[in-house]
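Note sheet for the following structure.
The values are calculated or read from the model by the stated rules, or taken from the named source; none is laboratory data. All values derive from a computational prediction rather than experimental measurement. All Cβ positions, glycine included, derive from the backbone under ideal geometry; neighbour counts span all protein chains shown. Protein only, heavy atoms only, side chains kept; ligands, DNA and RNA dropped before computing areas. Shrake-Rupley method; radii C 1.70, N 1.55, O 1.52, S 1.80 Å.
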Amino acid sequence: TGANGFVGRHLVKELASHGLNVIGLAGSSDNKQFIQGYCEVIEINLLNRAGLKAISFKQVDQVIHLAGLASVGPSFNKPGEYLNTNAGMQINLFEEAIAQDTRPGFLIISSGSLYDPHDKLPLTETSSVVPSSPYAVSKLVQEQFAAYYSNRGFNCVVARPFNHIGPGQSLGFIVPDLVSQVVNGGKDRHKKVLVGNLESKRDYTDVRDIARAYRLLAEKGKPGNIYNVCSGVAISGNELLEKITKQSGSKVEMVKDQALIRPSDNPIIYGSHKKLTKDTGWEPKIKLEQTLADVLEEWKKK
């Protein structure tokens with residue numbers, strides 16, 4: 001699900017490149033050109049339960065559920081929409097599979113933002129959970145429903161990805177927001193860049209490494225288990241901007257924008273991927289500098 005989204009289009013290619021037959025569910029026709037040729041594309045509204053009858057779940061071995069509202073910032077002003085959308089889509093998928101009398105495996109994509117940032121670092125799958133945004137609350141509810149449907153005969157695995165970045169990410173996230181401003185400043189080497197809190201340190205992983213982790217979890221993840229997907233390294237927004245400006249050859253003037261400041265923003269968060277590595281052999285491969293170079297090139301072309 002969410003096959004034409006930021007992570008979805010990378011995941012479709014990852015799955016197809018390993019000989020898997022992929023059915024890509026897309027909520028709209030946006031970005032379908034990125035996945036056509038790699039999978040069968042079905043345009044569908046997952047909040048419309050009746051529409052799901054178009055899917056033959058008996059032909060499906062594994063559902064990787066990516067679709068949903070993914071940007072944390074807007075969730076503070078739309079808590080009900082985030083909860084209804086993110087939980088509702090997942091419930092409809094499970095219920096339609098039950099209606100068709102089949103039990104495919106499910107990989108549910110949750111979030112590393114559920115963890116209590118004041119817990120001991122690095123955060124592991126046993127760290128305390130204290131959701132700090134309506135988005136995180138919706139993800140916790142998704143996890144609870146995964147546990148419920150596990151009791152109804154489904155093999156469910158939950159992934160908790162930390163921040164992921166890379167080509168194809170839309171505005172509203174830190175790297176494309178910074179890169180787009182640096183690139184769109186044209187030839188002016190002294191550019192004003194609107195920023196939020198760049199002191200916070202986060203755990204960033206390239207989206208292509210994330211897609212590989214999801215494939216491996218679909219193949220090797222242990223049912224009923226939760227897995228962190230992360231780099232294990234914390235990088236500040238200031239460090240990201242410094243690397244971006246260095247690669248672009250630009251000099252920037254940072255301007256604080258209060259609209260970009262979140263109601264709650266924890267100083268440092270990073271996780272451990274030891275459990276994921278132990279069970280699947282996954283490790284991050286793509287270096288941060290390569291990720292930023294690829295994003296810069298993408299925005300220059302735009």
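Residues of the range 99-120 that are modelled with pLDDT of 95 or more, in a loop (DSSP other than H, G, I, E, B) and touching a strand residue (DSSP E or B) at 6+ places or on another chain (Cβ under 7 Å): Pro104, Ser110, Ser111. Does any residue in the range 144-173 that is among the basic types (Lys, Arg) come within less than 7 Å, Cβ to Cβ, of a residue that is outside any helix (DSSP H, G or I) and modelled with pLDDT of 95 or more six or more places away or on a different chain, and which pairs are these? Every condition considered, the pairs that remain are Arg160/Ser110; Arg160/Ser111; Arg160/Ile226; Arg160/Tyr227; Arg160/Asn228; Arg160/Val229. I'd like to check something: does the range 174-187 contain any residue that is touching an Asp or Glu at 6+ places or on another chain (Cβ under 7 Å), open to solvent by 30 Å² or more (accessible area, probe 1.4 Å) and closer than 20 Å to Tyr135 by Cα? No, the range 174-187 has no match at all. Out of all the residues in the range 130-139, is one or more among the polar types (S, T, N, Q), assigned to a loop (DSSP other than H, G, I, E, B), closer than 19 Å to Gly68 by Cβ and at pLDDT below 95? Among the residues of the range 130-139, at least one is among the polar types (S, T, N, Q), assigned to a loop (DSSP other than H, G, I, E, B), closer than 19 Å to Gly68 by Cβ and at pLDDT below 95, which makes the answer yes.
Among the residues making up the range 10-34, those that are in contact (Cβ under 8 Å) with a residue 60 or more places away in the chain and among the charged types (D, E, K, R) are Lys13, Glu14. Filtered by the rule that a residue be modelled with pLDDT of 95 or more, open to solvent by less than 60 Å² (accessible area, probe 1.4 Å) and assigned to a loop (DSSP other than H, G, I, E, B), the range 16-34 gives a lone residue, Val22. One residue stands out in the range 40-67 among those that are in a helix (DSSP H, G or I) and aliphatic (A, V, I, L, M): the one that is least open to solvent (accessible area, probe 1.4 Å), namely Leu52.
Condition check: modelled with pLDDT of 90 or more, more than 22 Å from Glu283 (Cβ to Cβ) and open to solvent by less than 60 Å² (accessible area, probe 1.4 Å). Does Cys156 satisfy that? Here the answer is yes, as Cys156 does meet what is asked.
When Gly37 is tested against (1) farther than 25 Å from Ile98 by Cα; (2) open to solvent by 60 Å² or more (accessible area, probe 1.4 Å); (3) touching a residue at least 12 places away in the same chain (Cβ under 8 Å), only condition (3) is not met.
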